[in-house]
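Just so you know, all these numbers are worked out from the coordinates, no wet-lab data involved. Worth saying up front: this structure is predicted, and the values here are computed from it rather than measured. No Cβ is skipped: glycine too gets one built from the backbone with ideal geometry, and neighbour counts run over all protein chains shown.
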């Protein structure tokens with residue numbers, strides 16, 4: 001049975017379909033009641049009550065019996081946007097897709113948004129799963145609210161990202177008493193720079209420069225050309241090392257002692273970008289530019305006044321650590337730092353990048369300490385990172401995935417020495433809280449400690465003989481990044497991956513089949529399908545969540561020969577090759593990053609982990625999640641399912 005499309009009573013006219021008795025326009029008192037129900041759910045919880053009047057004007061309420069069809073493709077463009085007040089509906093495609101799960105919409109959700117806004121027919125048939133009550137909004141009323149409310153307009157066009165913002169705000173509010181929530185590392189540098197920069201020409205004498213620095217109590221002088229392009233910089237630290245210690249006369253031109261080239265950032269870059277730059281290069285000042293011209297300067301004091309725990313301080317402590325115990329303390333600081341940043345509301349992308357960067361610094365220092373003790377020359381090897389570390393997407397609870405590439409004409413003779421080196425590094429990382437890989441993907445394993453030729457032979461075998469075991473190795477090893485030592489040694493490996501994988505259609509097909517082993521946890525109706533552990537409803541957000549997006553991004557990048565390993569950057573590059581609109585690309589990225597953020601909340605013990613399961617750092621307690629988190633989880637899983645369906649359609653049929 002299919003209910004005819006019905007218009008609100010106030011809008012009925014000649015030729016309009018007759019309204020069922022179940023379709024009624026709400027009374028004034030009922031409208032107030034409906035408003036109170038609407039604001040319990042996003043996005044209406046973010047919209048002032050008075051602004052909802054234009055949406056509710058001319059709306060109608062209706063009831064659908066279980067299994068009753070609400071809207072279907074042959075009906076043409078849907079005249080209403082349906083809001084589920086009570087009950088649930090499911091959207092399904094035709095007979096050819098009966099094996100797929102549907103899209104379930106529960107109380108507080110709207111459908112079919114895309115078809116309604118585009119004024120086109122739906123592509124699925126929507127039916128009631130149970131006794132269901134809906135509000136029906138007209139196109140004019142929806143547009144009226146969209147014009148009045150940016151929040152509602154944003155929801156209609158960017159639902160996944162809008163829910164992500166709401167979730168992040170909720171986390172930030174929960175920690176506002178513990179951190180400086182209003183000062184986050186996501187601020188653009190134009191808002192961070194507090195003073196006008198002091199600059200001079202390259203022909204300025206040192207005496208004049210030092211007088212200005214002393215008079216104004218500034219820590220640096222920037223050297224610019226006539227067009228205000230940055231040429232160099234002189235800092236207080238340089239005064240001792242480059243002037244006093246070398247006994248330079250004060251008549252010396254600043255061009256002879258300035259630091260060049262200079263690391264600069266555009267004013268649209270974030271405080272996080274500046275913090276990473278300072279940490280990576282050991283600098284304390286970063287000139288800021290607008291259209292290539294000097295517009296400001298940011299110092300480490302500006303950046304780290306925003307934080308209780310300093311990224312530069314942690315990096316400095318790591319680089320000065322002399323033994324395993326000192327490094328272990330630094331690793332604990334990394335976890336505390338991450339927890340503080342979570343409270344600031346920093347996004348998953350920035351947070352995982354910062355964690356990965358600090359883990360890189362820690363690993364590099366361990367390699368230096370162990371290498372110096374064993375007499376290892378850093379130019380003769382390259383330390384390789386795989387998996388999440390290779391993608392710069394590490395969370396807190398991450399085990400080791402690493403390897404060694406060493407130079408040798410006699411690999412079997414030299415390998416024992418390199419294995420001993422790798423073993424000690426692996427053990428030290430384990431002491432610092434990074435567990436040894438259960439699959440033994442570590443530099444202490446002979447299978448992960450090889451010359452470039454040996455690595456290339458392995459890669460060729462995994463592509464040419466695509467067994468399930470080899471495909472699993474591809475998913476780990478092909479996310480390859482050189483971390484320390486002689487990084488140029490790894491370039492032939494990256495080049496081979498990029499060129500060879502896309503040439504083998506059999507390999508790509510088998511890889512596509514392999515990544516379908518784990519599906520997003522949606523049941524036949526399209527609702528979230530949890531797993532009970534000790535009477536608690538749970539979800540594995542790595543196996544059935546982030547892995548879906550990581551695998552899809554890797555597959556497409558291999559298929560197109562894209563030389564990227566980071567999931568976000570892979571999606572951005574893939575979207576261009578597939579001519580995917582920005583809205584869909586952003587949905588891929590934001591869904592992945594929300595799942596990453598949820599994993600971080602579990603690992604930082606933020607009340608969403610499953611009790612008594614400390615060895616399950618990626619399993620969330622579904623029962624304690626709020627409505628916003630549950631809704632965006634379902635939206636993320638839908639996005640992941642569509643990604644897998646695209647791979648199935650284009651590469652497996």
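Annotations
- Solvent-free Debye scattering, log10 I(q)/I(0), computed from the Cα coordinates of region 189-304 at q = 0.15, 0.22 Å⁻¹: -0.62, -1.27
- If the chain linking residue 245 and residue 131 were pulled fully straight, counting 0.36 nm for each residue of separation and taking away their Cα-Cα distance, it would gain 32.6 nm.
- FRET efficiency estimate (nearest 0.05) - Cβ-Cβ, residue 253 to residue 216, R0 30 angstrom: 0.90
- Remark: relative contact order (region 580-622) = 30 percent; criterion is Cα-Cα distance under 8 angstrom and separation of 6 or more residues.
- Rounded to the nearest 0.05, the FRET efficiency derived from the C-beta distance between residue 461 and residue 535 at R0 = 51 Å is 0.65.
- Kirkwood's formula applied to the C-alpha pairs of region 545-612 gives a hydrodynamic radius of 12.9 angstrom.
- Note on residue 319 and residue 260: the extension gain reaches 18.9 nm, defined as 0.36 nm multiplied by sequence separation minus the Cα-Cα distance.
- Peptide packing for 520-532, 201-213 was compared via the average number of neighbouring C-beta atoms within 10 Å per residue; ordered from the highest value, the list is 520-532, 201-213.
- Region 351-466: relative contact order in percent, alpha carbon pairs under 8 Å with at least 6 residues between: 27 percent
- One entry in [x] 193; [y] 175; [z] 376 is volume of the Cα convex hull per residue in Å³ calculated from the shown coordinates; its label is [x].
- Spacing of the two label points (7 Å from each Cα toward its C-beta) at residue 645 and residue 53, in nm: 4.1 nm
- Efficiency of FRET from Cβ geometry, residue 476 and residue 65, R₀ 56 Å, rounded to 0.05: 0.65
- Percentage relative contact order, the chain, counting C-alpha pairs under 8 Å, at least six apart: 11 percent
- Acute angle (nearest 10 degrees) that the helix 491-500 long axis makes with the longest principal axis of the chain, alpha-carbon atoms: 30 degrees
- Between helix 159-174 and the chain: long-axis angle, C-alpha atoms, 0 to 90°, nearest 10: 60 degrees
- Taken as Cα centroids, region 450-525 and region 42-68 sit 49 Å apart, rounded to the nearest whole angstrom.
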